[in-house]
Amino acid sequence: MKHKILLWLLSIAVLFPLSGVYAQSFPSFEKHTLIKNQDTLPYRLLLPQNYDPHKKYPLVIFLHGSGERGNDNEKQLTHGAALFLKEENRAAFPAIVVFPQCSQRSFWSNVKITGAGKDRSFEFTAGGAPTFPMQLVMELTKELFDKYSVQRKKVYVIGLSMGGMGTFELVNRMPRTFAAAIPICGGASAATAPNLKKVKWWVFHGAKDDVVPPKYSEEMVAAMKKSKVNVKFTLFPDANHNSWDATFAQPGLLNWLFSQQRK
């Protein structure tokens, strides 16, 4: 059994390698830890400039990929943090932005990964108990509502790779919480599509992705459209797995995100 677990962890490390460059410390992102029933969730939190607790602000939850897992409360900022630190974005879109960090031996979503290389496949589970990190993210979201001045109709989630899968998972488990979601090079069980109707979606993937093939987004988008979910899909023709780079450079991305409001 231990041998099988070791092989699974090694396959995950190969599947979602770290970019090779860790995130900078990004001191503007405060370090915090959620502790629940002896489980811990490190997270980084960026408050709007001149944060005023008497005002209401949008909330963004950002779910990182597998290569940024751990407990250093640093690596999860590798991709995406710089986007929200740009002066023009902070000025135009004042928001509370949170990057939780998944533990090294777990995953945001319930997915079984088999095979390797071209034979690799993902089997997504529509139900069942959430993973411990997902359960903690759900608890964290509720805690943030209590601790900070959140505009409850403007709560968003973004995720890439493992976090793209987690984005679908989080909305499925909290379908009345989020106004919009942006999953990047992820996937989910098509059976969850009917439960995603209350959220606006913008799905991204690279056409040349050989780590998480684009078919997982394509199949999910098809199921969402069949269920009348408000979704648009951008497939970058020349992008491989790092389609988050093209996503973050997408014109109008943040304008679209922050214009969404839950009814």
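List of remarks:
- Any hit, the stretch 190-198, residues being touching a strand residue (DSSP E or B) at 6+ places or on another chain (Cβ under 6 Å) and either modelled with pLDDT of 95 or more or farther than 15 Å from Ile158 by Cα (or both): no
- Among the numbered conditions (1) part of a strand (DSSP E or B); (2) over 17 Å from Leu41 (Cα atoms), the only one that Phe62 does not meet is (2).
- Contact annotation: residue pairs with Cβ atoms under 6 Å, 6 or more positions apart or on different chains, pairing a residue in the stretch 162-186 that is over 14 Å from Thr131 (Cα atoms) with a partner that is of a type in the set (Phe, Trp, Tyr) and outside any loop (DSSP other than H, G, I, E, B), are Ala180/Tyr156; Ala181/Trp201; Ile182/Trp202; Pro183/Phe168; Ile184/Phe204; Ile184/Trp244.
- From Gln104, Gln76, residue being part of a helix (DSSP H, G or I) and over 21 Å from Asp209 (Cα atoms): Gln76
- Check on Lys118, at pLDDT below 95 and over 21 Å from Lys232 (Cβ atoms): yes
- Residue that is surrounded by the most Cβ atoms within 10 Å (Cβ to Cβ) [pool: residues in the stretch 90-119 that are of a type in the set (S, T, N, Q), farther than 30 Å from Asp52 by Cβ and touching a Pro at 6+ places or on another chain (Cβ under 9 Å)]: Ser109
- Among the conditions (1) assigned to a loop (DSSP other than H, G, I, E, B); (2) of a type in the set (Asp, Glu); (3) farther than 24 Å from Asp146 by Cα, the only one that Glu88 does not satisfy is (1).
- Count of the stretch 135-158 residues which are closer than 19 Å to Pro48 by Cβ and in a helix (DSSP H, G or I): 7
- Cβ-Cβ under 6 Å pairs, at least 6 apart or on other chains, the stretch 38-52 side more than 17 Å from Pro100 (Cα to Cα), far side surrounded by 13 or more Cβ atoms within 10 Å (Cβ to Cβ): Pro48/Tyr57; Pro48/Pro94; Gln49/Arg90
- Every listed requirement among (1) in contact with a helix residue (DSSP H, G or I) (Cβ under 7 Å, 6 or more places away or on another chain); (2) farther than 28 Å from Glu88 by Cα is met by Pro214 save one, (1).
- Contacts under 6 angstrom Cβ, first residue in the stretch 54-74 being among the aromatic types (Phe, Trp, Tyr), partner surrounded by fewer than 23 Cβ atoms within 10 Å (Cβ to Cβ) and not in a loop (DSSP other than H, G, I, E, B), 6 or more apart: Tyr57/Ile96; Tyr57/Gln151
- Residue check, Ile184 touching a helix residue (DSSP H, G or I) at 6+ places or on another chain (Cβ under 6 Å) and either among the hydroxyl-bearing types (Ser, Thr, Tyr) or buried (at least 24 other Cβ atoms within 10 Å of the Cβ) (or both): yes
The values are calculated or read from the model by the stated rules, or taken from the named source; none is laboratory data. Because the structure is a prediction, the values reported are computed rather than measured. Quick reminder, even Gly has a Cβ in these numbers, built from the backbone with ideal geometry, and neighbours come from all protein chains shown.
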